[in-house]
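Enquirer: Handing you a structure now.
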Amino acid sequence: MHSPAARNAVIAALALLGVACAHTRVSSLAAPDAVGVRFRRIMVSVQINDLEIRRAAEDQFAKSYQGTSVTFVPSYQVLFPGTS
């Protein structure tokens, strides 16, 4: 007979496999009057409840695009971050 720990491990692995195979679809529509518009500053917002992880993720994203024609601004520099 299999132990409960082995059974739980199999269930967790199957759940992870199901999530890994999930399909994500992203679509967007461009406004006709926005053709040719270029943004120079874009706010980055990571939706995580832990403020420390959120700040680190936003900072890393903004840092990874330094030196490009667009400046990414972490949301905590623009908006009140709330509490964790």
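Enquirer: Gln66 versus (1) part of a helix (DSSP H, G or I); (2) more than 18 Å from the chain's Cα centre (by Cα); (3) among the polar types (S, T, N, Q): which is the lone unmet condition?
Expert: (1)
Enquirer: Give segment 49-78 a look and list any residue that's free of Cβ contacts under 8 Å to residues at least 24 places away in the same chain and exposed (fewer than 14 other Cβ atoms within 10 Å of the Cβ), or say none.
Expert: Keep residues of segment 49-78 that are free of Cβ contacts under 8 Å to residues at least 24 places away in the same chain, which gives 53, 56-68, 77.
The answer is Ile53, Gln60, Lys63, Ser64, Tyr65, Gln66, Gly67, Thr68, Gln77.
Enquirer: Let me ask another. Any residue at all in segment 19-32 that's at pLDDT 85 or above and more than 13 Å from the chain's Cα centre (by Cα)?
Expert: If we filter segment 19-32 for residues that are at pLDDT 85 or above, which is where we start, we get none.
No, that holds for no residue.
Enquirer: Ok, one more. List the pairs whose first member sits in segment 28-45 and is in a loop (DSSP other than H, G, I, E, B), whose second member is β-branched (Val, Ile, Thr), and whose Cβ atoms are under 8 Å apart, counting only residues at least 6 apart or on separate chains?
Expert: Hits for this filter: Phe39/Val70; Arg40/Val70; Arg40/Thr71.
Enquirer: Do you know which residues across segment 43-84 are out of contact with any Lys or Arg (no Cβ under 7 Å at 6 or more places or on another chain) and among the hydroxyl-bearing types (Ser, Thr, Tyr)?
Expert: Of everything in segment 43-84, those that are out of contact with any Lys or Arg (no Cβ under 7 Å at 6 or more places or on another chain) and among the hydroxyl-bearing types (Ser, Thr, Tyr) turn out to be Ser45, Ser64, Tyr65, Thr68, Ser69, Ser75, Thr83, Ser84.
Enquirer: Could you please give the count of residues in segment 69-84 that are modelled with pLDDT of 90 or more and out of contact with any strand residue (DSSP E or B) (no Cβ under 8 Å at 6 or more places or on another chain)?
Expert: From segment 69-84, those modelled with pLDDT of 90 or more are 69-78; that's our starting set.
Retained after the next criterion (residues that are out of contact with any strand residue (DSSP E or B) (no Cβ under 8 Å at 6 or more places or on another chain)): 69, 76-77.
Looking only at that region, the number is 3.
The values are calculated or read from the model by the stated rules, or taken from the named source; none is laboratory data. Computed from a predicted model, the values in this text were never measured in an experiment. Glycine gets a Cβ as well: all are built from the backbone with ideal geometry, and neighbour counts include every protein chain shown.
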